[in-house]
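First comes the structure, then the notes that go with it.
What follows draws every value from the coordinates through simple rules; no lab data is involved. Here the structure is a predicted model, which is why all the values come from computation and not from measurement. Positions of Cβ are backbone-derived with ideal geometry, glycine not excepted, and every protein chain shown enters the neighbour counts.
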C-alpha cells in the first residue's frame, strides 16, 4: 500500500493499493485501486490468460487519471471507462467512453474555430456569426473505438458531444514515426443542431444522423503529432448535413 503517489502534471493519487502476479519478468495480472485528489475512485485491472490480455480502467475523475498518466492534460472532471483486449504480445482493441467533463484551453479547438480555410476568407467563428469560446468547453460524452499497437494509436467512430460544441473524428493519432492523420466534422452550437438531427422528417435531410449537426466544417490534422497542420474544408461550412460527408477529407 502507498499513502500517496505523484504522477505527471503534479497529479497525486492517494490510498493506492496494488496487487500483481508474475512469472519471471512477465506480469500476468495487475490490480490497482486509488483515489484522485478530488476523492474520486480509480481502478485499473490488467489480466493475461491463455495468450490473451484484457485491460480495464475506470475513474470517476477522468481528467485526474489522464493527467497522472500523461495521456491528456486538458480534461477536467468527468467519468471514464477504458476497455481493451488482444493477444498478450500483440495489438489491443476496444473502446473508451467518457461522460460529463470539460476540455480546458485546448489549442487544437481554438485553431479549428479561428483558422480561415484555404480558399475562404472566413473562419468558422465568422461563418456562424458568433464567437465560439473554446477556453472551457463542456461535453456530455466522449467516445472512440481504439486500436493500440506497438508505436501507434488509431481511433474510429470518435465523438465529442456537448451543448455548445460537437465533433466526430477518426484516424491515426500517432504512428511509429510520431505522425498524425486525423479527420472529422466540427459543429458549433451542437445542442441546437441536434434538434434538427432528431426530427423524424428533417433529421435525415439536415442532421445527417444523430451525431452530425446542421452547421459544421470538416477538418484534417496531419503531420507531426506534437504539432500537426490543420486544414479545414470551406465548402462544408454551409453544406447541409446530408451532403457534408461528400466533402470530408478521405
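Between residue 9 and residue 54, the modelled label-to-label distance comes to 2.9 nm, taking each label 7 Å out from Cα in the direction of the beta carbon. If the segment from residue 95 to residue 23 were pulled out straight at 0.36 nm per residue, it would be longer than the present Cα-Cα gap by 23.1 nm.
Computed over the Cα atoms of segment 8-56, what is the convex hull's projected area averaged over all directions, in nm²? Result: 4.3 nm².
Reported value for segment 24-90: 96 Å³ per residue, from the convex hull of its C-alpha atoms.
Summarising the label geometry, the points placed 7 Å from Cα in the beta-carbon direction at residue 164 and residue 32 lie 3.3 nm from one another. A Förster radius of 30 Å combined with the Cβ-Cβ distance from residue 116 to residue 227 puts the calculated FRET efficiency at roughly 0.95. Over the C-alpha atoms of segment 1-141, the Rg to Rh ratio, Rh being the Kirkwood estimate, stands at 1.11. Dividing the mean sequence gap of close Cα pairs (under 8 Å, 6+ apart) by how many residues segment 1-87 holds gives a relative contact order of 23 percent.
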